[in-house]
Amino acid sequence: MVRIFTDTSSMFTPEDGRQMSFDVAPLTVTIAGKTYREREEIETKEFIDLINEGNIPTSSQPAPADLIEVYEKATAENPVLHITIADGLSGAYKSACGVRETMENKEHIYVYNSQSLCGPQWIMVKSALKMANEGATVEEIIKVLDVIRLGHKSILIPMDFGYLRRGGRLSPTAAAVGSLLKMVPVMSQRDDDGTQLTKVGLARGVKKACEMGLGVFPKYGINEDSIIICAHSGNPEQGQLMMETAKAMYQNCREYHLFELTPAFTVQGGPKCITVQMCPSPVL
């Protein structure tokens, strides 16, 4: 049977993996001079508290030792399929490919670039687990992952202008103007490889920003088989607002989910950011 392996950007925790018989490696975050394994040594609330004290965080890929421990188990009968966070958003994919090349059993190890994170990666892992448990081959699973990878769309709404300014993502002038005018930027994951964000527009207020972000989904084929995943970084009220807006605008989707984002994603979007992602669900 195919052994599924992923990282915590998939929204699964290492404990989830232990309970569901697959492997989850923590991404790492560094803040205030210390490095933590997310979802094991630090959670989002504690991480945001450290950011609010003025610390600038960074994130990194899983430790090579975590990869080797799983890769060593790969055999012809039980190959490993490793579904990583998007190459370009993290060094996880390139690191995994490098570790794979050092393994004597590398022909039984498959590293898959999800070109996503959070919701789409969560759907990919759920789909892969279902198919693996039903006896599918790696090649059959990858064909389904490709459908999800090509069909998903991600929207980010950053909320903390001060964090974006301190991290160099916004100029001091732009941060001050945005905060003063109560303008909310709406960003979209670019369509090519998912490593860059492009601006959808500016909205006055969070409700309008949610509507603007959700408004791009028809272009990407949202339908009754789509799954909508909303998430937030320490901002449950506005995460719930995004969820309610999504349900109102698209009433016939297959499923709706709400998550709290991990520390590693918070490094990218900042405290209080909210996201919404739309994915196809060919096997769920």
*So which chymotrypsin sites (Phe, Trp or Tyr not before Pro) in region 195-284 pass both tests, a DSSP loop state and at most 11 other Cβ atoms within 10 Å of the Cβ?*
none
*Take every Cα pair under 8 Å in the chain that's 6+ residues apart, average their separations, divide by the length, and report that relative contact order as a whole percent.*
21
*Mind listing the Cα extents of region 47-125 along all three principal axes, in Å, largest one first?*
50, 26, 18
*asked:* Cross-link candidates for Lys73: which lysines have Cα within less than 25 Å, leaving aside residues fewer than 8 places away along the same chain?
replied: Lys94, Lys106, Lys126, Lys130, Lys143
*Where the centroid of each part is defined by its Cα atoms, how far is region 77-98 from region 1-70 in Å?*
14
*At Lys143 and Thr58, where each label point lies 7 Å from the Cα along Cα→Cβ, what is the point-to-point distance in nanometres?*
4.3
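Okay, helix-only estimate at 222 nm for the chain: each DSSP H run of n ≥ 4 adds -39500 (n - 2.57), divide by all residues, round to 500 deg cm²/dmol; what do you get? The partial results should precede the final answer.
On the way: 11 runs with 109 residues, N = 284.
Taken over the chain, the calculation gives -11000 deg cm²/dmol.
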_Neighbourhood charge, 13 Å Cβ-Cβ cut-off, centred on Ile141 and excluding it, Lys, Arg +1 and Asp, Glu -1_ = +1
*Convex hull per residue volume in Å³, alpha carbons only, for the chain*: 119
*How far apart, in nm, are the 7 Å Cα→Cβ label points at Glu40 and Tyr256?*
3.6
*Please determine, in degrees from 0 to 90 and to the nearest 10, the orientation of helix 92-101 with respect to the longest principal axis defined by the Cα atoms of the chain, where the helix direction is its Cα long axis.*
20
*Which value, in debye to the nearest 20, describes the size of the charge dipole of the chain about its Cα centre when Lys and Arg Cβ atoms bear +1, Asp and Glu Cβ atoms bear -1, and nothing else is charged?*
1220
*asked:* I want the local charge near Val216. Using Cβ-Cβ distances under 11 Å, sum +1 for each Lys or Arg and -1 for each Asp or Glu among the other residues.
replied: 0
*Measure off 7 Å from each Cα along the Cα-to-Cβ vector at Asp16 and Glu104, then give the distance between these two points in nanometres to one decimal.*
3.5
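Rule-based calculations on the coordinates, nothing more; no lab input. Only a predicted model underlies this, so the values are computations on that prediction, with no experimental measurement involved. Neighbour counts run over all protein chains shown; Cβ positions are idealised from the backbone, glycine included.
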